[in-house]
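One structure is given here, and the rest of the page talks about it.
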Amino acid sequence: MKRAFIRVVYGNCIESSRLNSEIKNIIAHPLTRFFITYVYGEDNYKYLKSLGVDHCTSLKLVSKNPWEWPNLIGLRHKIESYRIAMEDDGYDEIVFLDWDTLPTRELDSDFWDILGRKKEFQAPLYTLKWHISPWRRGHEWKKKAWVNKGSRTTINTNFFYIRDKTIPSRIIEAWETMGSIKYQGRHLQENDEQATCYFVDTLYNGWIGQDNWWEWHEPMVANVTKKSSYSDKLLKTKQQYFLHEWYN
């Protein structure tokens with residue numbers, strides 16, 4: 001079984017102070033597990049090499065162009081990294097990690113087995129104040145308030161586990177479909193998490209709800225610091241290996 005942790009760099013890495021800080025934090029972190037970094041842009045590649053990253057990551061230059069997709073839809077690079085890892089590089093299982101997702105403990109021998117107990121893709125679920133999944137906005141009137149049906153709930157792809165090689169391309173298909181969807185005057189083709197949710201809803205013919213997500217797709221190895229859709233009591237049942245350090 002060929003497995004990998006992966007990350008991606010695109011855009012102007014050198015001038016992004018926040019991304020620079022996150023990258024250096026991961027490089028120096030004593031618990032960082034070796035990972036693959038897919039890099040867009042020759043200058044980004046050279047910069048990462050200059051930081052001395054060989055002890056923790058293997059760099060792969062995907063494109064000399066730092067922006068294969070425009071800035072507004074830059075998160076499309078993130079989805080493409082899943083596809084490259086599984087289709088081009090032949091990994092059977094991957095965990096994508098954002099740069100602000102930190103390791104919290106050493107990996108145990110059963111880490112991948114824990115992920116194998118649930119469905120073929122897993123990511124933490126969180127709830128926002130805005131309708132990130134507006135196509136779910138079927139509301140019911142109750143106690144003089146609109147009761148939301150999952151449109152504020154989304155997948156946090158800071159930690160995204162996949163073991164089905166068809167899933168990245170199917171998420172890309174969802175992304176392309178979303179290019180024709182507008183909400184409050186904006187195209188939804190700007191956010192990888194929205195595209196992933198759209199793919200999930202298409203797969204299940206609608207939003208499956210938080211209980212089913214927990215049972216099937218909530219990873220028992222990763223958490224978010226804020227906005228989780230679940231109670232602290234449930235979150236404490238996880239064997240937490242990774243934590244998303246929410247920055248805003």
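Taken together, the values in this text are just the output of simple stated rules run on the coordinates, not laboratory data. No experiment lies behind these values; they were computed from the predicted model shown. Reconstructed Cβ throughout: ideal geometry from the backbone, glycine too, with neighbour counts over all protein chains shown.
Restricting attention to the stretch 194-225, and to residues there that are within 19 Å of THR104 (Cα to Cα) and touching a residue at least 24 places away in the same chain (Cβ under 8 Å), which single residue is surrounded by the most Cβ atoms within 10 Å (Cβ to Cβ)?
Start the filter on the stretch 194-225 by keeping residues that are within 19 Å of THR104 (Cα to Cα), which leaves 218-225.
Filter once more, so that each one left must be touching a residue at least 24 places away in the same chain (Cβ under 8 Å): 218-224.
On the way: GLU218: 24, PRO219: 23, MET220: 16, VAL221: 22, ALA222: 26, ASN223: 23, VAL224: 22.
In this case the residue turns out to be ALA222.
Which residues, taken from the stretch 91-123, are of a type in the set (Gly, Ala, Ser) and in a loop (DSSP other than H, G, I, E, B)?
Initially, the stretch 91-123 is screened for residues of a type in the set (Gly, Ala, Ser), giving 109, 116, 123.
Scanning the stretch 91-123 gives SER109, ALA123.
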**Asked** Hey, does the stretch 67-83 have a residue that's without any contact (Cβ under 8 Å) to a residue 40 or more places away in the chain, more than 17 Å from TYR38 (Cβ to Cβ) and of a type outside the set (A, V, I, L, M)?
**Response** yes
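Every residue in the stretch 1-39 that is small (Gly, Ala, Ser) and within 23 Å of TYR241 (Cβ to Cβ), please. Write out each step before concluding.
Residues of the stretch 1-39 that are small (Gly, Ala, Ser), as a first pass: 4, 11, 16-17, 21, 28.
Residues satisfying the conditions are ALA4, SER21, ALA28.
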**Request:** Just give me the residues in the stretch 226-236 being of a type in the set (Gly, Ala, Ser) and either buried (at least 16 other Cβ atoms within 10 Å of the Cβ) or not in a loop (DSSP other than H, G, I, E, B) (or both), in sequence order.
**Result:** SER228, SER229
**Item:** Search result, residues across the stretch 48-86 that are over 20 Å from GLN194 (Cβ atoms), among the small types (Gly, Ala, Ser) and either in contact with a Pro (Cβ under 6 Å, 6 or more places away or on another chain) or surrounded by fewer than 20 Cβ atoms within 10 Å (Cβ to Cβ) (or both)
**Value:** SER50, GLY52, SER58, SER63
